[in-house]
Structure formats: structure tokens, C-alpha cells
1. Give the order of 27, 94, 66, 54 when sorted by the count of other beta carbons within 10 angstrom, beginning with the fewest.
2. Test of understanding: ordering 38, 118, 139 by Cβ neighbours within 10 Å, fewest first, what list do you get?
3. Among DSSP beta bridges lying fully in region 2-127, give the percent that are antiparallel, nearest 5.
4. What is the order of 101, 21, 80, 62, fewest Cβ neighbours within 10 Å to most?
5. Which values, in whole Å and largest first, are the semi-axes of the equivalent ellipsoid of the chain obtained as the square root of 5 times each eigenvalue of the Cα gyration tensor?
6. Please check: in the Gaussian network model of the chain (C-alpha springs, under 10 Å), which one of 111, 95, 74 has the largest mean-square fluctuation.
7. With the crude spin-label approximation of a point 7 Å out along Cα→Cβ, what separation in nm comes out for residue 75 versus residue 23?
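Where a number appears in this text, it was derived from the coordinates with a stated rule and is not lab data. Bear in mind that the values here come from a model prediction, so they are computed numbers and not experimental data. As a convention, Cβ positions derive from the backbone with ideal geometry for all residues, glycine included, and neighbour counts pool all protein chains shown.
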């Protein structure tokens, strides 16, 4: 079942994120930031549960835009499906749920970055209709 992440899900979400990035996070800090996200309607943090266990999560952020017709867009981050549940449609259901939220908010497109080495993830995104765009991603760590 797909539903918004709630505070009680944060310990399981922390474990998923550890699987995603390979390092333990701070549950205390997550709780503080989570409250800020809940207060901002642009943030959509969704989870998929299997028998009460958080199997995957995704975050979409609706961004307003001043270019052209001022159509908003969605940025996707932190797509994670536990290795225990990969290959069972969890990621697809999460991404489709975000697409519905983006459509309901009149977003013109969805964008995200994926590390170059994540070839299996790229195949997954392509299977959902996402095309590799002719742009370069840039990051500066602060």
C-alpha cells in the first residue's frame, strides 16, 4: 500500500536510506527535518508497505517556475526499494504515485538525477517512460 510517510515510519526509513547511501543517518535530525517537510505542501514523501514493513520510499518536490508559461515541475529524490523487495513492482508503484501527484499539481515534467554507475536503475526508469536527457548534472558539495 502506498501512503505518505508518517513520523512512526522514520526508523524504517532511516534503515532504507542506509541501504541507499551505505552509511547510517541521524534519526534525531531526520525527525527535525521531517517536521519541516510536513509543513511544506511542496514535499511529497511516499512509502510502500508490504505486510506493515516499509519496502520502499520516494520523495517528490514540486517546484514553481517563472520561465515561459510558469508551469511547475517535480524533482524526484531518494528513490529506494529494499533489496528484499526489488523486482516486485514496488519502485514502479512509487514512481507512478508521484506521477499522479505531479499531474494533480499541473507539473509539466518530472526530473531527477541518477548516478552514472546505476545501470539497472536506468533500465528501470526507461521502462517507466523516462528518457535520458541530453543534460549534464553538476554538484558542488558544501
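1. 66, 27, 54, 94
2. In increasing order of surrounding Cβ atoms, one gets 139, 118, 38.
3. On the way: 18 of 20 bridges.
Antiparallel: roughly 90 percent of the beta bridges in region 2-127.
4. By the 10 Å Cβ count, ascending: 21, 101, 62, 80.
5. After diagonalising the Cα gyration tensor, the semi-axes are 23, 19, 16 Å.
6. 111
7. Roughly 2.0 nm, to one decimal.
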